[in-house]
Amino acid sequence: MLASGVVDQERRSQWLRGVLDMCVLAMVSGGESYGYHLVQAVEAAGLGPIKGGTLYPVLLRLESTGLVATDWRQGPSGPARKYYRITAAGQATLRQAVLDWQSFSSDVNAILQRGNAILQEGQST
Amino acid sequence: MTINDGWLRDLGMELRRRGVPGGTADHVVAEAATHLRDSGEPPMAAFGPAGAYAAVVSDSVGAAWRRARRPAPGPMRLRARGIVKRYRRRDVLSGVDLTVHAGEVAAVIGANGCGKSTFLRICAGLISPDKGTVQVDGSIGYCPQDGGTIDFLRPEEHFVLVGGGRNWSRERSRAKGRAAAATLDWDASTPMLSRHLSGGTRQKLNLVMAGLSEPDVLLLDEPYQGFDRGTYLDFWEQVWRWRDSGRAVVVVTHMLNQLDLVDTVLDLSGANRERWS
């Protein structure tokens, strides 16, 4: 039981690696945010805990490819923070990514459900 | 100094070593500092080892930046055509071609004994091929795999010897050598004789000598043996600087992790004797 739990965790983090940049892009599309806040938001959304060491390189890539813009500012309380907001290029990328993901995930769903249906039939006969 | 301060300082150092530009590096460090304050996590839990995190950051921004700022390649500096070399009836090299332009880096790879060093020595004019031609436009700096230093001389006396060939004053030679050594994190003003230096430090001396007279073509035969990891990164930074100042660089290497950053790979291992860019 423990072993399968560990494998599930690995699988989940692999999934997350493939979609984290798009999730981050979606999270800053509604308004600007900063690193630690995004870490908390990803966890609150149920995607599990992510490390700063995972998130910030993703933000850097989004920044260097022009999908997000950044701004160093004093927060309402506490130290200066780097705030991220989506750019027009980021919005276009996000729109396309949503379509691509919907198509990809429905293909994966179809395969998994077909396999699952065959297993169910085997059990009932 | 707190654990955080030490880790953040290491991070800044590792980022600079990997060629992440100063402004970006400062921002990455400041953002990590803010994150550690906000989350209260220890740096190893949030980011892992400073060197590993710097490598990931550098991959995210550094490689793109390196490619973006580099000037276009210049004229042809080295052309080896149809190089054949036999030892005891065995073909060590059978028809090897390589062309390198100013502002390019070529990597020569392959298993031990496949003729990498022989090929480089032929390019340097130290040995003759049985067939084929080597054309070089400009001066050559050659860094051997080992040897090349003079046991009973100090590092600075080596610089004076090399500088003498260019009619530099002793002081100018010493100063240029010390400056080049500093980029490899080495203080070359040591009074130690070269035979008392560690293997890695002797290789730094070889490398500094190869670049000292500012040659147009640098031929480097696995020059980083005995280097620690930090110096190894400094070495590649030096290679990029040579390249960006218009030198043609050929590096014999068995380290494959830098190959995405070089312009040409010459693979000399066995049947797979071909070149791609």
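The values are calculated or read from the model by the stated rules, or taken from the named source; none is laboratory data. Model, not experiment: these values are computed from the prediction. Here the Cβ is made from the backbone with ideal geometry for all residues, glycine too, and neighbour counts use every protein chain on show. All accessible areas refer to the heavy atoms of the entire protein, side chains included, with ligands and DNA or RNA removed. Shrake-Rupley method; radii C 1.70, N 1.55, O 1.52, S 1.80 Å.
Summary table
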| item | result |
| --- | --- |
| Residue match in region B:69-80 (condition: open to solvent by 10 Å² or more (accessible area, probe 1.4 Å), more than 20 Å from B:Ser245 (Cβ to Cβ), among the basic types (Lys, Arg) and at pLDDT 95 or above) | yes |
| Cβ pairs under 9 Å, 6+ apart, first in region B:71-98 and at positive phi, second not in a strand (DSSP E or B) | B:Gly82/B:Pro129; B:Gly95/B:Arg273 |
| Pair list, Cβ under 8 Å, 6 or more apart: region B:6-27 residue in the same structural domain as B:Leu261 (by TED's automatic domain parsing), other residue of a type outside the set (Asp, Glu) and open to solvent by 20 Å² or more (accessible area, probe 1.4 Å) | none |
| In region B:161-197, the residues that are within 19 Å of B:Ser213 (Cα to Cα) and basic (Lys, Arg) | B:Arg166, B:Arg170, B:Arg172, B:Arg174, B:Lys176, B:Arg178 |
| Check on B:Ser194, in contact (Cβ under 8 Å) with a residue 12 or more places away in the chain, hydroxyl-bearing (Ser, Thr, Tyr), crowded, with 16+ Cβ neighbours inside 10 Å and more than 30 Å from B:Asp267 (Cα to Cα) | yes |
| Which listed residue, of B:Leu98, B:Leu93, is assigned to a strand (DSSP E or B), open to solvent by less than 10 Å² (accessible area, probe 1.4 Å), of a type outside the set (S, T, N, Q) and under 23 Å from B:Trp236 (Cα atoms) | B:Leu98 |
| Single residue of B:Gly141, B:Gly148, B:Gly177, B:Gly132 found to be buried (at least 17 other Cβ atoms within 10 Å of the Cβ) and assigned to a helix (DSSP H, G or I) | B:Gly177 |
| Candidate set: region B:35-49, residues that are more than 20 Å from A:Arg17 (Cα to Cα) and open to solvent by less than 10 Å² (accessible area, probe 1.4 Å); chosen: the one nearest to the other protein chains (Cβ to nearest Cβ) | B:His35 |
| Test for B:Ser189: is it open to solvent by less than 10 Å² (accessible area, probe 1.4 Å), closer than 16 Å to B:His158 by Cβ and touching a residue at least 12 places away in the same chain (Cβ under 8 Å) | no |
| Within region A:36-57, considering residues that are assigned to a helix (DSSP H, G or I) and within 8 Å of chain B (Cβ to nearest Cβ), the one farthest from B:Ala25 (Cα to Cα) | A:Val39 |
